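As structure tokens, the structure follows; a few thoughts come after it.
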Amino acid sequence: MKNRPVRHRIEYGLYLTLKGFLRTLSHPAARRFGRGVGALAHAVDRRHREIALRNMALALPETTEAERRRLVRECFRHFGSALCDAVSATRFGARELCHLFTLEGWEHIDEAERLGKGLFLLTAHLGFWELSPPLIGLTRGPMSFVVRPADNPWLDRELLAMRERFGNTVIPKRGAARRMIEVIRERGRLGILIDQRVQEREGIAVPFFGHPALTSPILARLSLRTGTPVVPLAVYPEPKGRYRVVVREPIFPPAGESGDEAVAALTRRYLEVAEEDIRQHPEMWLWMHRRWDEKRR
């Protein structure tokens, strides 16, 4: 424990070095460099490589072992690219950043916001998810989103500054419920990642790729309680440093329903949407995360 501040300083120094180096590259080149970083991580990080392979074998049993190994290798490259892209993109001002996005299904956000009940934006650790808050902040107005703070306080400050650009606000994951309710009561926009595993006392087990996965029910509970629609969206990389944003139809909470069964059914629907997107782009999802409990498989 005593060397943790030293480690944090070293990590922070490495981050600043990376940030400075990426600024010397073009934005597309920064992505390409990130793929190289990811390839190196794949070569040396056996533990997360094996976790990813086990997860993929569980979720996509129809794939061959050779295909899974190829996808996991590509997954590491993708996340190296996503990391470097998010850092590199801080070079852009509002006008420059907006011009990099191609929008699909943007009318679904209009449809949901016309209700005047606020808006939940649902995404997963898929594609370039860190770019969705800046886009929403620039085009729709400020949004809040729930994240787990980084363990390294110096890095956390950097991430906070990056994520709160263009008027957005970060809500720390621990004790987030009260602030989430306040945002929706103010008819604001709230972003949530649905695909992370939570502790048993905080979650419910719902099917994800056909296997029980502990998932937070808070989004479904708040949607049912307030009538606020949930709009799924994802950001994918495009050539030449551009992005493609895909917005799906709003998920409206069923009127007059409440209770545990309604919460579980709505949470299942959210995971179904995430699963559909992941199946289309399996190399862009965070397979290295222990999403399924070994005891529940």
Restrict the check to the stretch 16-39 and report whether at least one residue is surrounded by 15 or more Cβ atoms within 10 Å (Cβ to Cβ), free of Cβ contacts under 8 Å to residues at least 40 places away in the same chain and part of a helix (DSSP H, G or I).
-> no
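A quick yes/no check of all residues on (1) hydrophobic (A, V, I, L, M, F, W, C); (2) at pLDDT 95 or above; (3) in a helix (DSSP H, G or I):
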| position | (1), (2), (3) |
| --- | --- |
| Pro207 | no, yes, no |
| Ser223 | no, yes, yes |
| Leu233 | yes, yes, no |
| Pro237 | no, yes, no |
| Val246 | yes, yes, no |
| Ala255 | yes, no, no |
| Glu272 | no, yes, yes |
In the stretch 156-205, the residues that are of a type in the set (Gly, Ala, Ser) and outside any strand (DSSP E or B) | Ala161, Gly167, Gly175, Ala176, Ala177, Gly188, Gly203
Within the set of pairs 6+ apart or on separate chains, which have a first residue in the stretch 83-101 that is under 13 Å from Ser132 (Cα atoms), a second that is β-branched (Val, Ile, Thr) and modelled with pLDDT of 95 or more, and C-beta atoms under 7 Å apart?
-> Phe101/Val245
Among (1) outside any helix (DSSP H, G or I); (2) in contact (Cβ under 8 Å) with a residue 24 or more places away in the chain; (3) surrounded by fewer than 13 Cβ atoms within 10 Å (Cβ to Cβ), where does Glu62 come up short?
-> (2)
Being surrounded by 16 or more Cβ atoms within 10 Å (Cβ to Cβ) and either closer than 22 Å to Arg179 by Cα or acidic (Asp, Glu) (or both), is that true of even one residue in the stretch 80-91?
-> yes
Identify, from the list Leu71, Leu22, Leu40, the residue that is under 29 Å from Lys240 (Cβ atoms), at pLDDT 95 or above, touching a Pro at 6+ places or on another chain (Cβ under 7 Å) and not charged (D, E, K, R).
-> Leu71
Could you list, in sequence order, the residues of the stretch 170-222 that are of a type in the set (Gly, Ala, Ser), without any contact (Cβ under 8 Å) to a residue 24 or more places away in the chain and surrounded by fewer than 15 Cβ atoms within 10 Å (Cβ to Cβ)?
-> Gly175
Scan the stretch 53-98 residue by residue and report those that are under 22 Å from the mean Cα position of the chain (by Cα), under 23 Å from Glu238 (Cα atoms) and of a type outside the set (A, V, I, L, M, F, W, C).
-> Arg73, Glu74, Arg77, His78, Gly80, Ser81, Asp85, Ser88, Thr90, Arg91
Mind checking whether some residue in the stretch 115-128 is touching a Phe, Trp or Tyr at 6+ places or on another chain (Cβ under 8 Å), more than 30 Å from Met180 (Cβ to Cβ) and of a type in the set (Val, Ile, Thr)?
-> no
Scan the stretch 58-68 and give yes if some residue there is of a type in the set (Lys, Arg) and at pLDDT 95 or above, otherwise no.
-> yes
Scanning the stretch 163-201 for residues that are modelled with pLDDT under 90, within 19 Å of the chain's Cα centre (by Cα) and either farther than 27 Å from Leu83 by Cβ or acidic (Asp, Glu) (or both) gives Ala177
Give the residue that is farthest from the chain's Cα centre (by Cα), with candidates limited to residues of the stretch 5-49 that are of a type in the set (Ser, Thr, Tyr) and more than 13 Å from Ala89 (Cα to Cα).
-> Thr17
Provide a single number: the residues in the stretch 103-148 that are crowded, with 18+ Cβ neighbours inside 10 Å, under 19 Å from the mean Cα position of the chain (by Cα) and either part of a strand (DSSP E or B) or not charged (D, E, K, R) (or both).
-> 25
Go through the stretch 89-129 and count every residue that is touching a Gly at 6+ places or on another chain (Cβ under 8 Å), more than 21 Å from Ala274 (Cα to Cα) and not aliphatic (A, V, I, L, M).
-> 2
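The values are calculated or read from the model by the stated rules, or taken from the named source; none is laboratory data. Please read these numbers as outputs of a predicted model, since none were measured by experiment. Neighbour counts run over all protein chains shown; Cβ positions are idealised from the backbone, glycine included.
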